[in-house]
Structures are given as C-alpha cells and as structure tokens.
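Chemist: My questions all concern the structure below.
Read-outs throughout are calculated quantities, based only on the coordinates presented, and are distinct from any laboratory measurement. Here the structure is a predicted model, which is why all the values come from computation and not from measurement. Please note: Cβ atoms are built from the backbone with ideal geometry, for glycine as well, and neighbour counts cover all protein chains shown.
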Amino acid sequence: MNLANILTILRIFLVPIFVISIGYNKPLLALIIFTIAGLTDALDGFIARKFNQETILGKILDPIADKSLLVSSFIFIYNSELDIKFPYWFVVIVISRDIFILLGSSVIYLLKGSLKVEPTIFGKATTFFQILSIIIVLTANIIFVPNLLIDFVIYITTMFTIISALTYLNNGLKQL
C-alpha cells in the first residue's frame, strides 16, 4: 500500500465524518473536513504521478472517493438543518449527471467490452465548480456570503454540469 492509495482511503473515511458533521449542523467542522478531503485528493494524484505510485487500486478508489464525497455533500447539505442549502433542482441535476455517466459507461462497456474514459476540460471545470459550490454554501453557514455570489456559483456549476454531461454523451456515442 503506497502513500497515494493511503491518502485516497483516508478521503473515503472522511466522508462519513463529513456527513455526521452536516447532520449535527456543524458547518465549520464540515468545511474543515471537506477541505482536508480536498487536499488529500490533490495530494494523492500528485504523489502518484510524481513518485510513480499509480496503481490499479488507486485508479479504482480515487473516483469512488471523489464521487462519494461530492454526492454525499450535495445530498446531505440539501437535507440538512443548515440555514443555507442547495436548491432541490440543483442537487437533482448534479446527481443525475453522475448517474447518467455511470449508466452510459456501463452500457458502452457491456456492448463493446471496453470503455475509454478521458477526462475533459468541462469535466474538470464541473468538478472545480461543484467543489466551489460546496465550499461557498458551507462558508455561507459560518459567515455572511452574499446570496448573489451563492446563486452565481450555483448557476455556473449547473451550466458546467450540463455541458460536461453533454460532452461525455458525445464521447460515449463515438465509442458505440
């Protein structure tokens, strides 16, 4: 077990702690845990590439850790007692995109026997803005953040989420 994989596993273990902090209405603790989890995400990839620690296990666990953290963040913040939350429609769009990509990937794999998934600039932008939206909403539950900024980030995140879904759809159709 290398350091990159240990950091990824740590991120997976941080997810329930994050969820519990949201459940107990502790946005500062949730923000700290989310930030630590985000740092482990950046570090595990850097370490894996820099020190030649890329493994099959890491390639499987990393997206599981990422999606577990992001999806649970959206669901549990929406369903929380926090004062500032995500709108329902936003959570549906974000999670539907991930389900759409997962189902589409599964269909391609079943039909073709292989699947080529390449990260896109829109996918990376979507992840960035999804993370930013979580940070903004958690921060807004700790200190004042203008509603205009919160709404702006949510709308930009929505735009990138939809564009990336369409991009992955296009890439998937090319594989059929």
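Chemist: Among the chymotrypsin sites (Phe, Trp or Tyr not before Pro) within segment 118-159, which fall in a DSSP loop and have no more than 16 other Cβ atoms within 10 Å of their own Cβ?
Modeler: Phe144
Chemist: Shifting gears a bit: Rank Ile162, Ala140, Thr120 by how far each Cα sits towards the positive end of the charge dipole of the chain (+1 on Lys, Arg Cβ; -1 on Asp, Glu Cβ) and give me just the farthest.
Modeler: So the residue furthest toward the plus end is Thr120.
Chemist: Only Lys, Arg, Asp and Glu count, each charged at its Cβ (+1, +1, -1, -1), so figure out the dipole size of the chain about its Cα centre, rounded to 20 debye.
Modeler: 420
Chemist: Right, something else. Give the angle, between 0 and 90 degrees and rounded to the nearest 10, that separates the Cα long axis of helix 3-23 from the longest principal axis of the Cα atoms of the chain.
Modeler: Its long axis makes an angle of about 40 degrees.
Chemist: What's the angle, to the nearest 10 degrees (0 to 90), between helix 27-50's Cα axis and the longest principal axis of the chain?
Modeler: So the inclination is approximately 30 degrees.
Chemist: For the chain, what is the mean residue ellipticity at 222 nm derived from helices alone (per DSSP H run of n ≥ 4: -39500 (n - 2.57); sum divided by total residues; nearest 500 deg cm²/dmol)?
Modeler: -28500 deg cm²/dmol
Chemist: Which of rounded, prolate, oblate describes segment 83-176, given a ≥ b ≥ c as roots of the alpha-carbon gyration tensor eigenvalues and a/c under 1.5 marking rounded, otherwise prolate only if a/b is larger than b/c?
Modeler: Prolate, because a/c is 1.5 or more and a/b exceeds b/c.
Chemist: Only Cα pairs within less than 10 Å get springs; with that Gaussian network setup on the chain, which residue of Lys26, Lys85, Lys59 has the largest fluctuation?
Modeler: Most flexible of the set in this elastic network: Lys59.
Chemist: Right, something else. If you average the C-alpha positions of segment 102-176 and of segment 45-79 separately, how far apart do those two centres end up, in angstrom?
Modeler: 14
Chemist: Still on this structure, I have one more. Which residue fluctuates most in the GNM of the chain (Cα springs below 10 Å): Thr157, Thr139, Thr120?
Modeler: Among Thr157, Thr139, Thr120, the largest mean-square fluctuation in the Gaussian network model of the chain belongs to Thr120.
Chemist: Now for a separate question. Of the lysine pairs in the chain, how many meet both conditions: Cα atoms under 29 Å apart, and a spacing of 8 or more in sequence or different chains?
Modeler: Final tally of qualifying lysine pairs is 23.
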